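Take a look at the structure set out below.
The values are calculated or read from the model by the stated rules, or taken from the named source; none is laboratory data. Note that this is a predicted model, so its numbers are computed, not measured. Every residue, glycine among them, receives a Cβ derived from its backbone with ideal geometry; neighbour counts consider all protein chains shown.
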Amino acid sequence: MKVLGIVKDAATGVPLPGAKIRLYVREEELAVLQSDSEGKFRHESESQYLGEILVCKVEKAGYEPQKVIQEFEEDEVTLAIKLVPKKEEKIELTVNLKDEKRNPLKGVNISLEVNGEGVGVGISDKDGIFKIALSPDLEGRTINYDAELAGFGLASGALLLKKETSHEITMKKITMKNKETKSMEKILKGAKGVNGQLELLENKIRIKRMGALSLMTKGLKWDKEILINQISSIQFKNAGALGGYIQFAFLGDKEAKGGIFQATRDENTILFSKAQQSDFEEIKSMIEKRMAEPEGKGTPRSEIYEMAEPEVKGTPRSEIYDLEKLAELKEKGIISEEEFNAKKKQILGL
């Protein structure tokens with residue numbers, strides 16, 4: 001008696017090596033075989049089984065077990081066995097994404113992780129649905145998720161995975177806060193100086209502090225905004241040996257007096273160099289035009305004028321202060337050694 005056979009994948013027709021084959025007659029096990037590299041197997045016996053029923057059981061990992069029954073009509077039996085691949089068990093996760101009004105959210109980016117390791121990513125469809133099949137090994141474990149969509153706050157959370165898991169995420173729209181609104185305001189013109197930056201917006205100016213000189217000068221606020229219709233005067237000094245400055249005064253504020261050295265301590269003043277002066281001249285002209293617009297009626301008319309640097313006079317104490325500030329300007333590279341010596345002689349009256 002001879003039994004020949006071949007084992008193949010039912011879906012692809014590819015021969016399957018390593019399949020385990022058991023042969024039975026009258027519930028008696030005749031042989032245990034294994035398919036070769038070509039999926040074939042073979043068994044021979046001197047026993048005669050004509051008219052008997054042959055039972056062939058075949059198993060292979062990843063496939064459904066197969067049982068074939070064949071009658072011995074001749075001394076040789078040929079079997080063609082096709083194994084069906086097992087349907088891999090997966091965890092089906094379904095996420096429903098909505099906004100606060102219960103409307104479905106399309107295009108939400110979702111990322112999943114377990115113990116810090118990513119296990120899946122995807123995007124919600126037009127109905128706000130995101131589906132993914134996960135490994136069955138994750139059953140009973142906690143999965144963390146992040147959901148992101150422009151205009152909405154990040155939604156994060158965790159859930160316990162079952163064979164079929166459904167979860168709903170409600171995403172909240174971002175409410176623009178004052179700081180966010182400020183950053184979106186249109187800047188009409190900007191001018192960068194030595195100790196800060198001046199920005200012209202629709203109805204106000206913004207002074208932003210920056211640079212080493214600003215850091216070393218005590219008492220200055222970092223950022224300040226002034227409504228244009230509150231500005232009462234603007235002083236503008238052309239850049240000379242010690243630089244120039246633009247200074248704003250407004251209702252209820254005090255103007256700094258005493259030239260460039262006192263100007264370094266005034267929170268409404270920005271210093272600039274000769275190379276930077278043109279930008280400040282342009283922004284000054286733009287501010288002047290806005291101050292002259294009709295909506296400015298009823299407020300004090302601003303005086304915009306050129307100002308010559310006054311001579312430094314006063315007590316010995318004020319001279320010492322001016323010399324200290326002059327030395328600081330030299331140390332920071334704002335003025336040269338020659339400019340320092342010339343101004344020093346002027347202060348001391350030499």
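Looking at the stretch 116-137, is at least one residue within 29 Å of Met171 (Cα to Cα), under 30 Å from the mean Cα position of the chain (by Cα), touching a residue at least 60 places away in the same chain (Cβ under 8 Å) and not in a strand (DSSP E or B)?
No, the stretch 116-137 contains no residue that is within 29 Å of Met171 (Cα to Cα), under 30 Å from the mean Cα position of the chain (by Cα), touching a residue at least 60 places away in the same chain (Cβ under 8 Å) and not in a strand (DSSP E or B).
Being of a type outside the set (A, V, I, L, M) and free of Cβ contacts under 8 Å to residues at least 24 places away in the same chain is the filter here; which residues of the stretch 28-56 pass it?
Glu28, Glu29, Gln34, Asp36, Ser37, Gly51
State whether the residues of the stretch 84-92 include one that is closer than 30 Å to Leu149 by Cα and either at pLDDT 95 or above or surrounded by fewer than 17 Cβ atoms within 10 Å (Cβ to Cβ) (or both).
yes
Looking only at the stretch 63-75, which residues are part of a strand (DSSP E or B) and within 18 Å of Arg26 (Cα to Cα)?
Lys67, Val68, Ile69, Gln70, Glu71 - these are the residues of the stretch 63-75 that are part of a strand (DSSP E or B) and within 18 Å of Arg26 (Cα to Cα).
Pick out the one residue from Ile69, Ile81 that is without any contact (Cβ under 8 Å) to a residue 60 or more places away in the chain and β-branched (Val, Ile, Thr).
Only one candidate passes the filter, namely Ile69.
Collect the residues in the stretch 165-187 that are within 21 Å of the chain's Cα centre (by Cα), among the hydroxyl-bearing types (Ser, Thr, Tyr) and modelled with pLDDT of 70 or more, keeping them in residue-number order.
Thr170, Thr175
If only one of Lys98, Lys87 is under 30 Å from Phe41 (Cα atoms) and not aliphatic (A, V, I, L, M), which one is it?
On inspection, the qualifying residue turns out to be Lys87.
Any chance the stretch 37-44 includes a residue that's surrounded by 13 or more Cβ atoms within 10 Å (Cβ to Cβ), at pLDDT 90 or above and part of a loop (DSSP other than H, G, I, E, B)?
Yes, that holds for at least one residue.
State yes or no: is Gln66 over 30 Å from Ile132 (Cβ atoms), among the polar types (S, T, N, Q) and either assigned by TED's automatic domain parsing to the domain that holds Gly120 or at pLDDT 90 or above (or both)?
yes
Please find, within the stretch 94-119, the residue that is nearest to Ile143 (Cα to Cα) out of those that are crowded, with 18+ Cβ neighbours inside 10 Å and of a type outside the set (Val, Ile, Thr).
Per the criteria, the residue is Leu112.
Those residues that are crowded, with 16+ Cβ neighbours inside 10 Å, under 30 Å from Gln346 (Cβ atoms), at pLDDT 80 or above and not hydroxyl-bearing (Ser, Thr, Tyr), I need them from the stretch 219-261; list them, please.
Selection gives Ile234, Gln235, Phe236, Lys237, Asn238, Ala239, Gly243, Gly244, Ile246, Gln247, Phe248.
What number of residues within the stretch 1-28 satisfy the criterion of being among the acidic types (Asp, Glu) and part of a loop (DSSP other than H, G, I, E, B)?
Count: 1.
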